[in-house]
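The values are calculated or read from the model by the stated rules, or taken from the named source; none is laboratory data. Quick caveat: nothing in here was measured; it's all calculated off a predicted structure. Cβ placement follows ideal geometry from the backbone for every residue including glycine, while neighbour counts extend to all protein chains displayed.
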Amino acid sequence: MDSSPIQLVENLKSHFDSIRPSPASNHSKRSVFVHPALKDCSHVLIRNDTVRKPLQAPYDGPFKILHRTDKTFDIDINGRKSTISIDRVKPAFLESDSVQPPVVTETVRSDKPCVPVTRETKTRYGRTVRFTEKYGK
């Protein structure tokens, strides 16, 4: 073994020159799940990343899609066009427009006066409850 410092430095230098680095690990972000329905949906919900109050919904919307690309959506938010990343949206499944609103029927009034129906109040065990006139009903 050589004891000269110059020789030691030369040996270390040649040793470190021969060492090859190991392949680097992949530290990129994990791929985000993209819902298959995002390709053809008409409305989306946008994730709200702010600190939320209790029982506040994590998504805002639904908002209408104006234009879509592979990574972004142009969305109409309150009359303004806004570009949102695909990572923040999920499809909104809306009820179809073919659902008819409930039909309101008119009530027919009769000329007969309404007679109030007196009904006996009963407990859940079937006993009749009678209130005194002092306490009223």
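Given (1) in a loop (DSSP other than H, G, I, E, B); (2) surrounded by 10 or more Cβ atoms within 10 Å (Cβ to Cβ), where does residue 11 come up short, assuming only one miss?
(1)
When the residues of the range 16-62 are narrowed to those that are free of Cβ contacts under 8 Å to residues at least 12 places away in the same chain and of a type in the set (Asp, Glu), which ends up nearest to residue 91 (Cα to Cα)?
Only one residue fits best here, namely 40.
Within the range 86-137, restricting attention to residues that are over 30 Å from residue 59 (Cβ atoms), modelled with pLDDT of 85 or more and within 48 Å of the chain's Cα centre (by Cα), which residue is surrounded by the most Cβ atoms within 10 Å (Cβ to Cβ)?
Once the filter is applied, the top-ranked residue is 122.
Please state which of the following conditions residue 31 fails to meet, knowing it meets all the rest: (1) surrounded by fewer than 12 Cβ atoms within 10 Å (Cβ to Cβ); (2) modelled with pLDDT of 90 or more.
If we test residue 31 against (1) surrounded by fewer than 12 Cβ atoms within 10 Å (Cβ to Cβ); (2) modelled with pLDDT of 90 or more, just (2) comes out false.
Could we say that residue 44 is at pLDDT below 90 and either in a strand (DSSP E or B) or surrounded by 10 or more Cβ atoms within 10 Å (Cβ to Cβ) (or both) here?
no
Hey, does the range 48-70 have a residue that's over 19 Å from the mean Cα position of the chain (by Cα), in a helix (DSSP H, G or I) and loosely packed, with under 10 Cβ neighbours inside 10 Å?
no
Residue pairs, Cβ under 7 Å, 6 or more apart or interchain, first in the range 83-100 and within 17 Å of residue 37 (Cβ to Cβ), second at pLDDT below 85 and in a loop (DSSP other than H, G, I, E, B). List them.
Within 7 Å, the pairs are 87/32.
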